[in-house]
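Report on one structure; see the data block that follows.
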Amino acid sequence: MKTVYGPVLSWRLGRSFGIDLICKPRKVCSFDCIYCQLGKTKQKTLERKVYVKTERILKDLNEALPRVRADVITFSGTGEPTLAKNLGEIIDFLKKKTNLPLAILTNSTLLANKKVKDVLNRLDIVVAKFDAFDEKSFKKIDNPVKGILFKEYFEGIQNFRRGFLGKFALQIMFIKENKDFAKEIANLAKKLSPDEIQINTPLRPCKAKPLNQKEIKKIKKEFSGFTNMISVYGADKLKVLPLDLKEIQKRKRPES
Ligand code: SF4
C-alpha cells in the first residue's frame with residue numbers, strides 16, 4: 001500500500017493529491033462515525049505515534065510529486081491524520097518541494113492538543129468535522145473514543161480557530177440522526193466563525209443512508225446566515241486523471 005494516492009476529485013478542494021500517514025488496511029481513528037465509508041473502527045485511539053516511517057512517505061512523495069497535477073495536497077486516508085506524529089516532518093518536506101496549498105481533513109478531536117495545533121497552523125486549509133450539537137448526538141453520530149466530551153471537543157475547535165490564519169472550513173455530515181437539528185448545529189457553527197461551511201451527506205456506500213436533495217435544501221436554509229456555504233449536491237463535476245487508480249480504491253473514499 002502506498003502512502004500517496006490520487007489526485008482524486010474532491011467536491012470541496014478540487015483536484016486533490018492525497019497523503020495517507022496511517023496507511024492501514026483497517027482504519028485507525030479516534031471516532032467511529034456511523035456513516036464512515038471505511039467500515040467500523042477496530043483501532044479506536046487518541047494515541048499519537050508514527051504509523052508509517054517518514055523515510056517511506058518521503059520516498060513515495062519523491063517518486064510521485066514530479067508527475068502530480070493537482071490543486072491541493074491533502075492529508076487524509078485510512079483514519080485520522082493528526083494521529084500521525086510525523087505529520088510535521090512531512091509538512092516541512094512539502095513546503096520545500098512544492099508551492100501547492102496544503103490541506104488536512106480532520107475529525108477535530110486533537111485540535112486542543114498543543115503539538116497538533118502548532119503543526120496544523122502551518123497548513124493553508126483545515127477542514128474540521130463537526131456533526132453534533134450535544135453530548136448525546138456526539139456519541140450517537142461520531143461515537144468517539146472514551147474520554148472525549150462534546151463540550152471539550154467544541155472548545156478545542158473554537159480555540160484552534162481563534163489562532164488559525166489559513167482557510168478554516170467546517171464539514172458537517174447530515175444524516176437522519178441530525179437532520180432535524182440543523183438549526184442547533186448552525187448556531188454552534190456560528191461561534192466557530194468558519195471561512196466556509198460544507199454541507200455533506202454520505203453519497204458513497206456506508207451504513208447510513210444519504211439525505212435527498214430536498215432534505216439538504218431544508219438544512220441549507222438554517223445556514224443561510226453563512227456567506228460561504230457549499231453542499232455536496234451543488235458541487236461542480238471536474239475531470240481528474242489519477243496516477244494510480246488501485247491506490248484510490250484502497251481508501252474507498254475518493255471524494256474526500
Ligand atoms: S472521523 Fe472519518 S475516518 Fe474516522 S470514523 Fe469518522 S468518517 Fe471514519
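When the scattering of the range 1-127 is computed by the Debye formula from its Cα atoms alone, each counted once and equally, what is log10 I(q)/I(0) at q = 0.10 Å⁻¹? Taken in order of the listed q values, log10 I(q)/I(0) reads -0.28. Extension gain for T98 to K191 (0.36 nm times residue separation, less C-alpha to C-alpha distance): 30.1 nm. In the chain, the longest principal axis of the Cα atoms and the axis of helix 213-222 are about 80 degrees apart. For the listed residue pairs K85/K209; K129/K183; K115/K140; K40/K176; K40/K114; K2/K44, the alpha carbons are over 27 angstrom apart in K85/K209; K115/K140; K40/K114. Charging the Cβ of each Asp and Glu at -1 and of each Lys and Arg at +1, and nothing else, the dipole of the range 4-251 about its Cα centre rounds to 440 debye. Here the range 4-251 carries DSSP beta bridges of which approximately 15% are antiparallel, counting only pairs with both residues inside. Label sites at Q158 and E184, each approximated as a point 7 angstrom past Cα along Cα to Cβ, lie 1.7 nm apart.
Around the amide H of V4, modelled in the peptide plane, lie the amide H atoms of D20, all under 5 Å away and 5 or more residues distant in sequence or on another chain. Selection among P144, I216, G39 by position relative to the dipole of the range 4-251 gives G39 as farthest towards the positive end (Cβ unit charges, Cα centre). Working from Cα pairs under 8 Å separated by at least six residues, relative contact order for the chain is 25 percent. How far is helix 54-64 tilted, in degrees, relative to the longest principal axis of the Cα atoms in the chain, given as a value from 0 to 90 rounded to the nearest 10? Rounded to the nearest ten degrees, it is 80. Dividing the summed helix terms, -39500 (n - 2.57) for each DSSP H run of n ≥ 4, by the number of residues in the chain produces a 222 nm estimate of -8500 deg cm²/dmol to the nearest 500. Between E177 and R26, full extension at 0.36 nm per residue minus the direct alpha carbon distance yields a gain of 51.8 nm. With a Förster radius of 25 Å applied to the C-beta separation of N113 and Q213, the computed FRET efficiency comes to 0.10. Qualifying trypsin sites (Lys or Arg not before Pro) in the range 40-69, where qualification requires a DSSP coil assignment and no more than 15 other C-beta atoms within 10 Å, comprise K40, K42, K53, R69.
Each reported figure results from applying straightforward, stated rules to the coordinates on display, with no laboratory input. Predicted model, so just to flag it, every value in this text is computed and none were measured. Note that each Cβ is placed from the backbone with ideal geometry, even for glycine, and that neighbours are counted across all protein chains shown.
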